[in-house]
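The values are calculated or read from the model by the stated rules, or taken from the named source; none is laboratory data. For clarity, every value in this text was computed on a predicted model and none was experimentally measured. Heads up, the Cβs are rebuilt from the backbone with ideal geometry, glycines too, and the neighbour counts pull from every protein chain shown. To get the accessible areas, we keep the full protein, side chains included, count just its heavy atoms, and leave off ligands, DNA and RNA. Shrake-Rupley method; radii C 1.70, N 1.55, O 1.52, S 1.80 Å.
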Amino acid sequence: MRRPYALSVAIAAALALAACQRVDNTAGAPTVYIDPGTSGPVKGVGIESQDVIAMTDQMLRDMLSQPRLANAAMPPNVIIDSEYFHNESSSRLNKNSITDRLRVGLNRAAAGRMQFVGRHYADMVAKERDLKRQGTVDKATLPAAGAQKGGDYRLGGRITSLDSRDPKTGMMQRYNQIIFEMVDLETSEIVWSGIYEFAKAAQDDIIYR
Amino acid sequence: MRRLLAPVLGLLLLGGCASMEPAPHCDMSRISGQRDLVPGPAMVPGESSPLKEMPMNSVNITDPAIMNKLYVRSIAARRTATGTVEVVAQVVNCTDFQQTAEARTQFYDSTGVASEPVSAWQRLHLSPRTSSAYRELSMGDKTVDGYMIEMRETK
């Protein structure tokens, strides 16, 4: 009589243990942090973090597959900043968030296949070069260069949009088009182009700051 | 005899009116049967892993919401002129409705370690009963040896 009882207890314990060892397939603790690569709880029709991440990721991967940019005998000097990247859309955004992410991502991934010129730091470099040459500061450790690096290619581009609204429902729709072009700084030839486009529709536009 | 003739004639007429379902026809039970999970990387060499996952160089639909709606018809990978890897997956929408999915790719080196950051989620708009191509490029060239694509529904 005792044996079946002991056996049933052991089986029950094993079953209970097995139930405990299943995947706890429940939601995690709530947090204020959200994945910037996925749309968050505040969604609108404008350009958002997931769009910036997706477009820059797509562009940099495409640039690295172009032999003229990423497989040249001499790695080209590339300037990527927002100087010639214009926002003509109805989205309020800091265009530096696009060009900065593109430059940083490309610089980290290129691994010597391209060289990057910080033209937006040209003033900072010129001031330090002057101080060194005037003897105000010492020559530091790196050998002196004849001049700052010139660029072979520079990024240009444009953000445009097309808005439409249904006055009856308040529904708003926006088509966003972002073009990226790499321009030869000697001939003005466009050596690479990329386009990223999407349309969004929402009941009411949210406020972008 | 006459009594039997009328229903048979009716059935024949009904058969003639039956509408033809447009392609593609996705047999989800067979698709599920073909799904082959393989052991994941073990923490200690030589020991079996408690993780079972999709094999390398495949598409893993991670979202149950679209598992029985989409079918990955083919996957191909090739080297670009700069040596980076381009993967292309052909995805079929088996339903009569518009579906929106998104996919991303992780590229791996020959030791099975992620060779670069995972790609950003890329949206796929799939019209009813059509196929679309998902393309992704690696950042690295010679370091890339394998890949894994994850797909989920766009929320």
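Here the strands (runs of 3 or more DSSP E) wholly within segment B:1-99 that include at least 2 residues being modelled with pLDDT of 80 or more and open to solvent by 70 Å² or more (accessible area, probe 1.4 Å) are B:70-79. Of all residues in segment A:191-209, those that are more than 25 Å from A:Ile179 (Cβ to Cβ) have Cβ atoms under 8 Å from Cβ atoms of residues that are loosely packed, with under 12 Cβ neighbours inside 10 Å and of a type outside the set (A, V, I, L, M), 6 or more apart or on another chain, in A:Gln203/A:Thr169; A:Gln203/A:Gly170; A:Asp204/A:Gly170; A:Arg209/A:Arg92. Scanning segment A:170-209 for residues that are at pLDDT 95 or above and in a loop (DSSP other than H, G, I, E, B) yields A:Leu185, A:Glu186, A:Thr187, A:Ser188, A:Glu189. Tallying residues that are among the basic types (Lys, Arg), at pLDDT 95 or above and open to solvent by 60 Å² or more (accessible area, probe 1.4 Å) within segment A:77-107 yields 1. A:Ser82 fulfils the conditions (1) in contact with a strand residue (DSSP E or B) (Cβ under 8 Å, 6 or more places away or on another chain); (2) under 20 Å from A:Ser193 (Cβ atoms); (3) more than 14 Å from chain B (Cβ to nearest Cβ) except for a single criterion, (1).
Got at least one residue in segment A:39-55 being more than 28 Å from B:Thr154 (Cβ to Cβ) and out of contact with any Phe, Trp or Tyr (no Cβ under 9 Å at 6 or more places or on another chain)? Within segment A:39-55, none of the residues are more than 28 Å from B:Thr154 (Cβ to Cβ) and out of contact with any Phe, Trp or Tyr (no Cβ under 9 Å at 6 or more places or on another chain). Hey, any hits in segment B:104-113 for a residue that's touching a residue at least 24 places away in the same chain (Cβ under 8 Å), open to solvent by less than 20 Å² (accessible area, probe 1.4 Å) and more than 12 Å from chain A (Cβ to nearest Cβ)? No: segment B:104-113 contains no residue that is touching a residue at least 24 places away in the same chain (Cβ under 8 Å), open to solvent by less than 20 Å² (accessible area, probe 1.4 Å) and more than 12 Å from chain A (Cβ to nearest Cβ).
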